[in-house]
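Only one structure is covered here, and it is reproduced in the block below.
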Amino acid sequence: MRRKKKKALVIYYTKTGHTETAAEAVARGLESGKAEVTVRELLSVDPEELREYSIIAVGSPTRGGKPARKVKKFLKGLGKKSLKGKQASVFSAYAGFRGRKTLKRMRKLLKRKKAKVGPRGVAVKAGAPLSLWKGPDLREKDIKRLEELGKALAKKAR
Ligand SMILES: Cc1cc2nc3c(=O)[nH]c(=O)nc-3n(C[C@H](O)[C@H](O)[C@H](O)COP(=O)(O)O)c2cc1C
């Protein structure tokens, strides 16, 4: 019998587009792991919608060694146990420093809302530091890492 596909939501915030590129790669990976995927810009997501999904991936640019303020606000604003039972992971675009620290912070925020966090996430180097100039794009090998992340996340949720 064919198993029903798990529903996955990839949420991202971006200013210069790199985290969006990353989100699309994570989504491709989730699809290859047999999840049904929706990709949405964070500001357009109503927290109530999260109920429908069993897999959540959240992406943010690294800003001052942390997730973007809007991402923190979104995650902090979710209901106490709103991610209970959901498999979750994180990703970040950063220009050169503290990308992994951003991931750690996001994992912590997801755990607070009772998500099952894993895999640990992927930080990819792209963009310019401290500026809104777009800077260099993601590298092909990092796109692959993000696709692998999506696939591994879908597998964990089975
Ligand atoms: C206000 C601001 C703060 C930033 N802080 C950092 C930082 O702490 N570490 C870093 O590596 N990059 C930092 N960056 C660079 C971005 O993380 C990088 O350009 C990223 O690719 C942007 O993602 P986006 O295209 O999705 O907006 C900062 C950029 C801005 C605008």
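Values quoted throughout were computed directly from the atomic coordinates according to the rules given, and no laboratory measurement underlies them. Because the structure is predicted, anything quoted here is derived from the model rather than measured. Neighbour counts run over all protein chains shown; Cβ positions are idealised from the backbone, glycine included.
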Please rank 140, 20, fewest neighbouring Cβ atoms within 10 Å first, as an exposure proxy. 140, 20
To the nearest 10 degrees, how steeply does helix 18-32 sit against the main Cα axis of the chain, on a 0 to 90 scale? 30 degrees
When 56, 143 are ranked with the fewest other C-beta atoms within 10 Å first, the list becomes 143, 56
With angles folded into 0 to 90 degrees, how steeply does helix 99-112 sit against the dominant principal axis of the chain? Use alpha carbons for both and round to 10. 30 degrees
Kirkwood calc, region 6-156, C-alpha pairs only, radius in angstrom 14.7 Å
How do the peptides 121-132, 38-49 rank, highest first, by the average count of neighbouring beta carbon atoms within 10 Å per residue? 121-132, 38-49
At a Förster distance of 35 Å, what's the computed FRET efficiency of residue 158 paired with residue 132, Cβ-Cβ distance as r, to 0.05? 0.30
Please order 97, 74 by the number of other Cβ within 10 Å, starting at the fewest. 97, 74
Sequence neighbours fewer than 8 away in the same chain don't count; with that in mind, list the lysines whose C-alpha is under 25 Å from residue 134. 15, 66, 70, 72, 73, 101, 104, 125, 144
